[in-house]
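Only one structure is covered here, and it is reproduced in the block below.
Just so it is clear, none of the values below were taken in a lab; they were calculated from the coordinates. Note that this is a predicted model, so its numbers are computed, not measured. No Cβ is skipped: glycine too gets one built from the backbone with ideal geometry, and neighbour counts run over all protein chains shown.
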Amino acid sequence: MAEIAELLDRQNGATLGRMLGRGSIGEAEEGSDGRMRATIRIPEDELVFEPGILVLPHGGELELEFFNDDKNTHCAVLPCNGDYKFIWLVNHSRGTANLTLDGPGYYWYGSRTGNDEGRGLTAAIVVQGDAPPEARLDRPPQPRP
Amino acid sequence: MATEYVDAGQAVGNSTLSTIVGIAPPVAKDVTYERILNARSEPQNWLTYYGAYDGQRYSPLDQINKGNVKQLAPAWAFQCGSVGLHSGKSTYSFEAAPIVVDGIMFVSGWDGWVWALDARTGELLWQYRHAIPYDVSLCCGNVNRGVAVAEGKVFVATLNAHIIALDAETGKKVWDETYGDVRAGESATVAPLVVKDMVIVGSSGGEFGVRGHLDAFKRETGERVWRTYMVPKPGEPGSETWPADGEAWARGGGNCWVTSTFDPELNLLYVGTGNPCPDFDGGVREGDNLYTDSGVAVDADSGEIRSHFQYTPHDLWDYDSTMEHILFDLDGRKLAAHFDKNGFLYILDRTNMEPVRVAPFVDRIDWGEVDEKGNVTPKVYPDKEGDPVHFWPGPAGAKEWTHACYSPKTELLYAPVQDVGATATRRRREFKESIPYWGAGVAVDLEDMAGSVSALDPRTGEERWRWSNDVPMCSSLLATGGDLVFAGEPTGEFNALDASSGELLWQFQCGSGHHSSPTTYSIDGRQYIAVPTGWGAWTEGFLPGMLGAGQGSSLFVFALPEE
């Protein structure tokens with residue numbers, strides 16, 4: 001089973017590309033200014049974003065720095081309140097994206113250029129936290145799964 | 001050797017990589033409460049969700065009429081499509097009612113989209129997209145039913161239960177308030193309603209055991225004004241209709257996921273409430289379960305419940321009553337008309353919510369009997385654990401959320417009718433937050449279904465005519481001064497019917513099914529009919545026989561040829 005799991009996690013293993021929701025898990029760091037920051041890399045010949053799952057402590061402002069370490073061109077189409085954000089990432093390039101996201105919940109993002117028009121490079125941003133107290137239901141605490 | 005990276009710069013907004021203009025004329029800044037109050041006096045516009053506070057979905061515009069409707073043709077279309085993985089998988093549908101202010105259209109879509117369009121040409125002026133988490137629980141599709149516009153702002157509810165205000169000229173966010181708990185299974189799909197200096201919204205999530213509520217916020221700032229729960233806490237009026245022990249009330253449902261109507265003279269909002277929870281297992285919530293499945297008259301200033309009428313006490317069939325209450329005056333009486341999921345048309349005295357008349361509007365009703373005063377005798381319902389029970393109408397109802405209309409010209413009500421049954425098998429389960437809480441396995445009939453547009457006389461409750469269809473009718477109707485009723489079909493046809501006879505006068509195939517609310521407006525004397533199309537959403541509930549039909553996301557606008 002461990003072998004199959006490994007094959008699901010890479011290019012041209014059991015699948016053609018990495019399965020959704022796999023890859024390493026990274027955490028954004030929160031600065032004293034309240035902004036969260038993280039680095040995303042595109043490693044060579046893996047056709048993935050790393051970390052595959054980026055975890056935020058709560059919703060808010062997120063600054064992502066992208067490094068394309070691959071020998072091919074990619075991009076990132078990212079969720080953001082107001083409009084999708086787009087950044088072109090040619091071979092060996094670096095750039096940033098400033099995003100505003102609600103929490104809790106998770107979002108997919110991906111690449112849609114540079115022969116990524118099919119399944120693309122796909123990764124997730126996970127936002128932890130709760131709805132603010134004033135938005136929650138007036139009722140006793142309820143059981144959760 | 002260290003890599004020397006090329007500078008890729010900053011990510012840019014997707015809209016900058018398009019021909020989107022980025023700004024709309026300042027038409028919305030003069031949309032005051034007084035103008036919305038008198039919306040029907042400016043029929044060139046469609047200023048609020050139903051066209052006017054009374055919910056009639058009637059426009060006096062008559063340039064397009066029985067005599068010339070055969071010449072009606074597309075003027076323009078708008079498409080957006082869907083890219084990549086978006087919230088709620090692929091259950092999206094285009095369900096909104098386009099708002100039009102002095103030649104500018106404001107309309108919302110699935111997955112957090114809001115657009116401002118030139119209503120004459122279809123040119124996209126600006127767009128806003130709220131990023132919606134993929135894992136928000138959506139009980140009934142990735143949809144939004146429309147926006148409200150007032151005082152320079154566009155208001156929209158988001159699937160993750162925010163109410164946001166956008167600058168109507170730029171589409172930029174002005175304020176953003178959260179009014180639901182997505183961890184509890186709440187969401188939002190309702191079109192907001194602006195009343196006085198407030199914007200009013202309700203919650204979705206009635207299949208997840210939440211406690212339904214209606215919320216009012218300050219229009220300018222987003223500051224909360226009031227919240228009213230539609231299931232009372234122990235000790236509050238109506239709490240005697242819930243079990244005295246336990247927490248059934250806390251999971252009781254009663255969500256307000258359809259826009260209210262409003263009587264400014266009585267200062268009352270007419271709020272339809274959703275099903276009790278669990279939908280089909282009444283054994284865990286003995287009693288009538290107020291104020292679920294009710295029409296509730298709510299004081300607009302305080303949010304206090306003034307009166308109510310419960311259509312389906314102790315519901316065991318998922319018969320939400322969220323659908324509109326159409327306000328009209330007839331023979332000196334202030335009335336409200338409500339077509340309920342349970343298959344009956346109710347004419348109420350809207351001053352006290354007492355029933356005046358009750359009449360069936362669909363052929364097959366066997367779940368129970370309802371007398372002329374609205375008293376219910378249940379007949380067929382899921383009762384024994386594991387015992388399948390078939391009943392008509394099914395849980396999508398004889399009429400779904402999509403709206404009926406009323407023509408003051410013909411003094412007739414027009415309803416989109418769904419004649420389809422379902423089988424429910426009670427399966428009790430424990431409650432857990434964020435998990436669907438139906439208490440049954442349910443399958444809506446795949447065959448033996450029908451639909452119609454039916455005209456009913458509110459004086460008698462009798463059917464005056466019917467335009468029959470092979471499949472249920474699942475989109476809102478629009479009545480006009482041109483003696484026409486517009487109706488979209490699940491199979492894509494958009495129809496114009498003679499308001500007096502039901503005769504089909506004109507038809508256009510839009511390429512995807514209708515599950516939205518058409519509106520009408522005029523610019524420089526030319527009348528337009530706008531209809532969003534795009535099949536999807538909760539199809540398994542209202543027409544599973546068309547689950548495999550193609551989806552879409554186009555807004556069509558029709559007009560007569562220019563001379």
- Query: Taking the Cα centre of each part, how many Å lie between segment A:38-64 and segment B:236-315?
  - Reply: 45
- Around A:Ala14, what is the net charge, scoring Lys/Arg as +1 and Asp/Glu as -1 over all other residues with Cβ under 11 Å from its Cβ? -1
- Note on the structure: Taking the reciprocal of mean 1/r across every pair of different Cα atoms in segment A:24-130, the Kirkwood radius in Å is 13.7
- Task: Mind listing the long-range amide H neighbours of B:Ala75? Cut-off is under 5 Å, sequence gap 5 or more, other chains count too, H placed in the peptide plane at 1.01 Å from N.
- Result: B:Val557, B:Phe558, B:Ala559
- Item | 24 Å Cα-Cα reach of A:Lys71 towards lysines, excluding residues that sit fewer than 8 places from it in its own chain | A:Lys85
- Rounded, prolate or oblate: which one fits segment B:279-406, using the alpha carbon gyration tensor with axes a ≥ b ≥ c (rounded when a/c is under 1.5, else prolate when a/b beats b/c, else oblate)? prolate
- Item | Average projection area in nm² (convex hull over Cα atoms of chain B, one quarter of hull surface) | 27.2
- Item | Relative contact order of chain B, defined on C-alpha pairs under 8 angstrom at six or more residues apart (%) | 15
- Task: Among A:Pro133, A:Pro104, A:Pro79, determine the one that fluctuates most according to a GNM of chain A built with springs between C-alpha atoms less than 10 Å apart.
- Result: A:Pro133
- Go ahead and run the numbers for FRET between B:Lys373 and B:Glu265, Cβ-Cβ distance against an R0 of 45 Å, rounding to 0.05. 0.95
- Message: Using each residue's phi in segment B:51-67, evaluate 6.51 cos²θ - 1.76 cosθ + 1.60 at θ = phi - 60° and report the 3J(HN,Hα) Karplus result to the nearest Hz, with x for Gly and Pro.
- Response: x, 7, 4, 6, x, 6, 6, 10, 10, x, 4, 9, 4, 8, 9, 4, x
- Residue by residue through segment B:160-167, the couplings from Karplus 6.51 cos²θ - 1.76 cosθ + 1.60 with θ = phi - 60°, in Hz, x for Gly and Pro, are 8, 6, 10, 10, 10, 10, 10, 5
- Separation between the A:Glu65 and A:Thr100 pseudo-spin-labels, each 7 Å from Cα along Cα→Cβ, expressed in nm? 2.4
- Mind pulling up the Rg/Rh value for segment B:71-137? Radius of gyration and Kirkwood radius, both on Cα. 1.02
- How would you classify segment B:366-423 from its alpha-carbon gyration tensor, with a ≥ b ≥ c the square roots of the eigenvalues: rounded for a/c under 1.5, else prolate if a/b is greater than b/c, otherwise oblate? oblate
- Query: In bins 10 Å wide, starting from 0, what share of all Cα pairs of segment B:1-154 does each bin hold, as a percent?
  - Reply: 9, 31, 32, 19, 6, 3, 1, 0
- Note on the structure: Going residue by residue through segment B:495-505, the Karplus relation 6.51 cos²θ - 1.76 cosθ + 1.60 with θ = phi - 60° gives ³J(HN,Hα) values, rounded to whole Hz and with x marking Gly or Pro, of 10, 10, 10, 5, 5, 8, 10, x, 5, 6, 9
- Query: Separation of segment B:113-191 and segment B:32-80 by C-alpha centroid, Å?
  - Reply: 22
- Debye equation applied to the C-alpha atoms of segment B:461-512, log10 I(q)/I(0) at 0.13, 0.18, 0.27, 0.28 Å⁻¹: -0.30, -0.57, -1.18, -1.24
- Sorted by chain and then number, the residues having a modelled amide H within less than 5 Å of the amide H of B:Gly343, at least 5 places away or on another chain, are B:Ala398, B:Lys399
- Task: Enumerate the amide H contacts of B:His403 below 5 Å, restricted to partners 5 or more residues apart or on another chain; note that Pro and chain-start residues carry no placed amide H.
- Result: B:Ser476, B:Leu477
- Query: To the nearest whole number, what is the average tally of beta carbon atoms from other chains within 10 Å of the beta carbons of peptide A:125-133?
  - Reply: 3
- Length gained, B:Leu504-B:Ser302, 0.36 nm per residue minus C-alpha separation, equals 68.1 nm
- Quick note, the protein assembly as shown: a/c under 1.5 would make it rounded; otherwise a/b > b/c is prolate and the rest oblate (a ≥ b ≥ c, C-alpha gyration tensor); here it is prolate
- Query: If one computes P(r) from the Cα atoms of segment B:140-260, what percent of pairs lie at distances over 21 Å?
  - Reply: 39
- Restricting attention to segment B:412-517, which GluC sites (Glu not before Pro) occupy a DSSP loop and are surrounded by at most 14 other Cβ atoms within 10 Å? B:Glu430, B:Glu447, B:Glu462, B:Glu503
